[in-house]
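Note sheet for the following structure.
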Amino acid sequence: MTTHLLVTGAAGFIGSQYVRTLLGPGGPPDVVVTALDALTYAGNPDNLAAVRGHPRYRFERGDICDAALVDRVMAGQDQVVHLAAESHVDRSLLDASVFVRTNVHGTQTLLDAATRHGVASFVQVSTDEVYGSLEHGSWTEDEPLRPNSPYSASKASGDLLALAHHVSHGLDVRVTRCSNNYGPRQFPEKLIPRFITLLMDGHRVPLYGDGLNVREWLHVDDHVRGIEAVRTRGRAGRVYNIGGGATLSNKELVGLLLEAAGADWGSVEYVEDRKGHDRRYAVDSTRIQRELGFAPAVDLADGLAATVAWYHKHRSWWEPLVPAGSLPA
Ligand SMILES: NC(=O)c1ccc[n+]([C@@H]2O[C@H](COP(=O)([O-])OP(=O)(O)OC[C@H]3O[C@@H](n4cnc5c(N)ncnc54)[C@H](O)[C@@H]3O)[C@@H](O)[C@H]2O)c1
């Protein structure tokens with residue numbers, strides 16, 4: 001039976017990987033994808049070039065806050081995977097308003113339309129950052145939400161609205177909370193692609209604070225597999241952490257990137273810490289492993305090497321994005 005699937009944020013880093021995977025070799029043969037994206041600075045039509053013209057694909061340019069457009073696009077959809085978001089923490093510290101607009105109001109607009117149109121399931125793609133920072137151990141899905149940045153607060157609000165729609169309206173909502181992603185086609189303002197591209201051109205890289213903030217890194221291919229497991233086998237009203245990648249400090253990560261670039265610590269400049277910078281994230285992924293049989297497959301060393309190689313080979317993809325995406329110094 002054919003499934004009509006609406007994917008929001010489909011032209012971004014993770015959304016485009018998800019759509020390319022769905023419509024690529026080995027993808028489900030019965031899914032018809034509508035890709036919805038506003039093409040903000042982070043959305044790139046080139047990310048979807050590989051599926052353009054595919055018989056089970058159509059692209060719709062539009063804003064998830066536009067209720068009339070969302071209502072029109074939602075008609076006839078069976079499922080939604082919602083990835084559209086403002087996603088960069090540093091930008092949220094400069095101006096949070098667009099984060100609230102897209103991540104809260106946009107999510108609510110989608111949820112309302114999904115409820116109205118009787119959509120069978122809605123996957124809210126979220127982040128481990130909603131839990132805040134923790135000293136020891138790892139977060140389970142039952143952890144209270146203690147977001148510390150405007151970005152994570154807006155994502156947490158979206159999650160709560162989504163779960164409320166499940167309770168209030170019976171909408172089958174499933175929430176995923178993933179750790180930091182890396183891989184090809186990540187906008188070059190994020191740590192890994194920013195550092196790779198700066199080092200490629202012989203620039204120094206800025207490392208926040210003492211560099212001891214700890215993050216768990218998951219390859220985007222693994223995240224996409226996790227989202228697909230939740231879309232196809234997840235349960236209504238349930239939250240699924242997606243982690244299980246490699247946990248390391250920013251300093252350790254930078255060490256790996258320096259090594260890949262053939263550079264040394266002379267290329268690193270310690271800069272003032274990010275405001276409210278969470279010290280440590282770590283998710284407990286037992287639930288998705290046990291219930292859905294998901295485990296990450298990409299080894300960090302292999303995944304990083306392939307990512308570095310991708311940015312070397314695709315200068316024409318990222319170079320035009322650097323001036324537009326650069327944050328004020
Ligand atoms: N990148 C990570 O490490 C990570 C980790 C966990 C969760 N997530 C979540 O995954 C999702 C995708 O993240 P990403 O890294 O691919 O982000 P991204 O910034 O690369 O892509 C976001 C996409 O959303 C689109 N968009 C933004 N505002 C929109 C609007 N108002 N209407 C329609 N489209 C709009 C953009 O054009 C872009 O294509 C986000 O919800 C993010 O919170 C990301």
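Quick check on this structure: which one of R204, R194, R185 is touching a residue at least 24 places away in the same chain (Cβ under 8 Å) and within 15 Å of the ligand (Cβ to nearest atom)? Give the derivation first.
Working: R204 fails: within 15 Å of the ligand (Cβ to nearest atom); R194 fails: touching a residue at least 24 places away in the same chain (Cβ under 8 Å).
Exactly one residue qualifies, and that residue is R185.
Taking region 213-322 and the strands (runs of 3 or more DSSP E) fully enclosed by it, the elements with 2 or more residues that are surrounded by fewer than 16 Cβ atoms within 10 Å (Cβ to Cβ) and in contact with a strand residue (DSSP E or B) (Cβ under 9 Å, 6 or more places away or on another chain) are at 268-271. For region 166-180, how many residues meet the condition of being over 17 Å from T140 (Cα atoms), touching a strand residue (DSSP E or B) at 6+ places or on another chain (Cβ under 8 Å) and surrounded by fewer than 23 Cβ atoms within 10 Å (Cβ to Cβ)? Number of matching residues: 2.
Do we have S87 as at pLDDT 95 or above, assigned to a loop (DSSP other than H, G, I, E, B) and of a type in the set (S, T, N, Q) here? For S87, the condition - at pLDDT 95 or above, assigned to a loop (DSSP other than H, G, I, E, B) and of a type in the set (S, T, N, Q) - is met. Of all the criteria given as (1) hydrophobic (A, V, I, L, M, F, W, C); (2) at pLDDT 95 or above; (3) over 16 Å from N181 (Cα atoms), the one not satisfied by I242 is (3).
Taking first residues from region 140-160 that are more than 19 Å from L110 (Cβ to Cβ) and partners that are of a type in the set (A, V, I, L, M) and buried (at least 19 other Cβ atoms within 10 Å of the Cβ), the Cβ contacts under 6 Å between residues at least 6 apart in sequence or on separate chains come to E141/V239; L145/V130; L145/A156; P147/V130; P147/A153; P147/A156; S149/V89; S152/V130. As a summary of the residue check, N180 satisfies the conditions (1) within 12 Å of the ligand (Cβ to nearest atom); (2) touching a helix residue (DSSP H, G or I) at 6+ places or on another chain (Cβ under 6 Å) except for the one numbered (2).
Of the residues that make up region 68-82, is at least one more than 11 Å from the ligand (Cβ to nearest atom), part of a strand (DSSP E or B) and not hydroxyl-bearing (S, T, Y)? Yes: region 68-82 contains one or more residues that are more than 11 Å from the ligand (Cβ to nearest atom), part of a strand (DSSP E or B) and not hydroxyl-bearing (S, T, Y).
For region 38-61, the set of residues classified as within 12 Å of the ligand (Cβ to nearest atom) and on the phi > 0 side of the Ramachandran plot consists of L39 only.
What number of residues in region 18-31 are more than 16 Å from the ligand (Cβ to nearest atom), aliphatic (A, V, I, L, M) and not in a strand (DSSP E or B)?
Initially, region 18-31 is screened for residues more than 16 Å from the ligand (Cβ to nearest atom), giving 23-31.
Adding the requirement that they be aliphatic (A, V, I, L, M) leaves 23, 31.
If we keep only those that are not in a strand (DSSP E or B) too, we end up with 23.
Summing the residues that are more than 16 Å from the ligand (Cβ to nearest atom), aliphatic (A, V, I, L, M) and not in a strand (DSSP E or B) in region 18-31 gives 1.
Annotation: F99 fulfils all but one of (1) more than 12 Å from the ligand (Cβ to nearest atom); (2) of a type in the set (F, W, Y); (3) under 16 Å from the mean Cα position of the chain (by Cα); the unmet one is (1).
Among residues belonging to region 163-177 that are more than 9 Å from the ligand (Cβ to nearest atom) and touching a residue at least 60 places away in the same chain (Cβ under 8 Å), point out the one that is farthest from the chain's Cα centre (by Cα). Reasoning before the result, please.
So in region 163-177, the residues more than 9 Å from the ligand (Cβ to nearest atom) come out as 163-175.
Now drop any that are not touching a residue at least 60 places away in the same chain (Cβ under 8 Å), which leaves 163, 166-167, 171-175.
On the way: L163: 19, H166: 22, V167: 25, L171: 23, D172: 21, V173: 18, R174: 15, V175: 13 Å.
The selected residue is V167.
Evaluated against (1) within 6 Å of the ligand (Cβ to nearest atom); (2) out of contact with any helix residue (DSSP H, G or I) (no Cβ under 6 Å at 6 or more places or on another chain), T34 falls short on exactly one condition, (1).
The values are calculated or read from the model by the stated rules, or taken from the named source; none is laboratory data. As the structure is a prediction and not an experimental result, all values here were calculated from the model. Every residue, glycine as well, gets a Cβ built from its backbone with ideal geometry; the counts of neighbours run over all protein chains shown.
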